[in-house]
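Working notes for the structure below.
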């Protein structure tokens, strides 16, 4: 395994339909680390996740992204997935007519290629991940996200992550729409999947998710820039003081990203 950082973002600029949203951010995620990216609505959090995932509407106009030492921007979205990047969406889309089991099988084949396990091995692996997330096997026969509750959609996203076993998981507001019980289940699933070769970029508004998934580093994103970075105690400070105070403090000390 390479000693190079898992993800390196250097002076990144991203535009959507000609408007610059990400205005020069830099961060580094190493293997075995959880980084939390926090910020108010409109700060650029989801823009960053979509740019990492390769969404064509999100144009990288400056800087670079290295994933396992390779230029991520040069890769198409499916190539990024095969290299081990996983993106859990804030608003997962329904796919009527496609069962969860079929979707997981197709995703595994697309990502693993020649290393895809046999159908029997694949089903056993999926059943093990279901148990990990406290999900019933009947879930596999439902259509993907069709009629799912908010909690079920997020569990389905984490189930996909568990099956695909990525190197880097970008979780875009995984806590959105979850009640406290669903939040615990999803967080426990993420914690059990973490290991020394995997990194997580956890994007969230609220500190509550970080009660269950302990971050190594917390970054504060405002107006397309990282204005502060620190340990997990920074999330508690944001909960108590809000984001505006953080932005003022960063500006006064000259610590803009």
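Quick check on my filter: what residues within segment 211-227 are assigned to a strand (DSSP E or B) and under 18 Å from residue 32 (Cα atoms)? Can you show your working first?
From segment 211-227, those assigned to a strand (DSSP E or B) are 217-222, 225-227; that's our starting set.
Listed by number, the residues that qualify are 217, 218, 219.
Under 15 Å from the mean Cα position of the chain (by Cα), at pLDDT 85 or above and under 24 Å from residue 47 (Cα atoms): is that true of residue 235 in this structure? In short, no. Report, by residue number, each residue of segment 28-73 that is buried (at least 20 other Cβ atoms within 10 Å of the Cβ) and under 16 Å from residue 200 (Cβ atoms). The answer is 29, 34, 35, 36, 37, 38, 45, 48, 49, 52, 67.
From the list 224, 230, 242, which one is free of Cβ contacts under 8 Å to residues at least 24 places away in the same chain and in contact with a strand residue (DSSP E or B) (Cβ under 7 Å, 6 or more places away or on another chain)?
Values: 224 fails: free of Cβ contacts under 8 Å to residues at least 24 places away in the same chain; 242 fails: in contact with a strand residue (DSSP E or B) (Cβ under 7 Å, 6 or more places away or on another chain).
Exactly one of 224, 230, 242 is free of Cβ contacts under 8 Å to residues at least 24 places away in the same chain and in contact with a strand residue (DSSP E or B) (Cβ under 7 Å, 6 or more places away or on another chain), namely 230.
For (1) without any contact (Cβ under 8 Å) to a residue 60 or more places away in the chain; (2) part of a strand (DSSP E or B); (3) closer than 22 Å to residue 224 by Cα; (4) out of contact with any strand residue (DSSP E or B) (no Cβ under 8 Å at 6 or more places or on another chain), each residue gets a yes or a no:
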residue: 59; (1), (2), (3), (4): yes, yes, yes, no
residue: 66; (1), (2), (3), (4): no, yes, yes, no
residue: 80; (1), (2), (3), (4): yes, no, no, no
residue: 105; (1), (2), (3), (4): yes, no, no, yes
residue: 110; (1), (2), (3), (4): yes, no, no, yes
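For segment 165-182, give me the residue count where each residue is modelled with pLDDT of 85 or more and buried (at least 20 other Cβ atoms within 10 Å of the Cβ). Number of matching residues: 7. Could you run through segment 68-78 and say how many residues are touching a strand residue (DSSP E or B) at 6+ places or on another chain (Cβ under 9 Å) and farther than 25 Å from residue 19 by Cα? Number satisfying all stated conditions: 2. Looking at segment 151-173, can you tell me whether even one residue there is farther than 23 Å from residue 52 by Cβ and more than 13 Å from the chain's Cα centre (by Cα)? The answer is yes, given that some residue of segment 151-173 is farther than 23 Å from residue 52 by Cβ and more than 13 Å from the chain's Cα centre (by Cα).
Right, residue 95: touching a residue at least 40 places away in the same chain (Cβ under 8 Å) and under 25 Å from residue 209 (Cβ atoms) or not? Write out each step before concluding.
Details: touching a residue at least 40 places away in the same chain (Cβ under 8 Å): yes; under 25 Å from residue 209 (Cβ atoms): no.
When the stated conditions are applied, residue 95 does not pass them.
Residues of segment 166-184 that are assigned to a loop (DSSP other than H, G, I, E, B) and in contact (Cβ under 8 Å) with a residue 40 or more places away in the chain: 166, 167, 173, 174, 176. Looking across segment 68-78 at every residue that is in contact (Cβ under 8 Å) with a residue 12 or more places away in the chain and not in a loop (DSSP other than H, G, I, E, B), the one that is nearest to residue 48 (Cα to Cα) is identified as 77. Consider residue 139 carefully, then state whether it is in contact (Cβ under 8 Å) with a residue 12 or more places away in the chain, in contact with a helix residue (DSSP H, G or I) (Cβ under 8 Å, 6 or more places away or on another chain) and either part of a loop (DSSP other than H, G, I, E, B) or within 24 Å of residue 217 (Cα to Cα) (or both). So residue 139 does not fit the description; no.
The test for being at pLDDT below 90, more than 20 Å from the chain's Cα centre (by Cα), loosely packed, with under 12 Cβ neighbours inside 10 Å and over 27 Å from residue 181 (Cα atoms) holds for residue 114. Look at (1) at pLDDT below 95; (2) closer than 20 Å to residue 172 by Cβ; (3) crowded, with 19+ Cβ neighbours inside 10 Å and you find that residue 108 fails only one, number (2).
Quick one: would you say residue 131 is modelled with pLDDT of 90 or more, over 20 Å from residue 89 (Cβ atoms) and either in contact with a helix residue (DSSP H, G or I) (Cβ under 6 Å, 6 or more places away or on another chain) or part of a helix (DSSP H, G or I) (or both)? Full working, then the answer.
On the way: modelled with pLDDT of 90 or more: no; over 20 Å from residue 89 (Cβ atoms): yes; either in contact with a helix residue (DSSP H, G or I) (Cβ under 6 Å, 6 or more places away or on another chain) or part of a helix (DSSP H, G or I) (or both): yes.
For residue 131, the condition - modelled with pLDDT of 90 or more, over 20 Å from residue 89 (Cβ atoms) and either in contact with a helix residue (DSSP H, G or I) (Cβ under 6 Å, 6 or more places away or on another chain) or part of a helix (DSSP H, G or I) (or both) - is not met.
The values are calculated or read from the model by the stated rules, or taken from the named source; none is laboratory data. The structure displayed is predicted, hence computed values, not measured ones. Note that we place each Cβ from the backbone using ideal geometry, even for glycine, and neighbour counts take in every protein chain shown.
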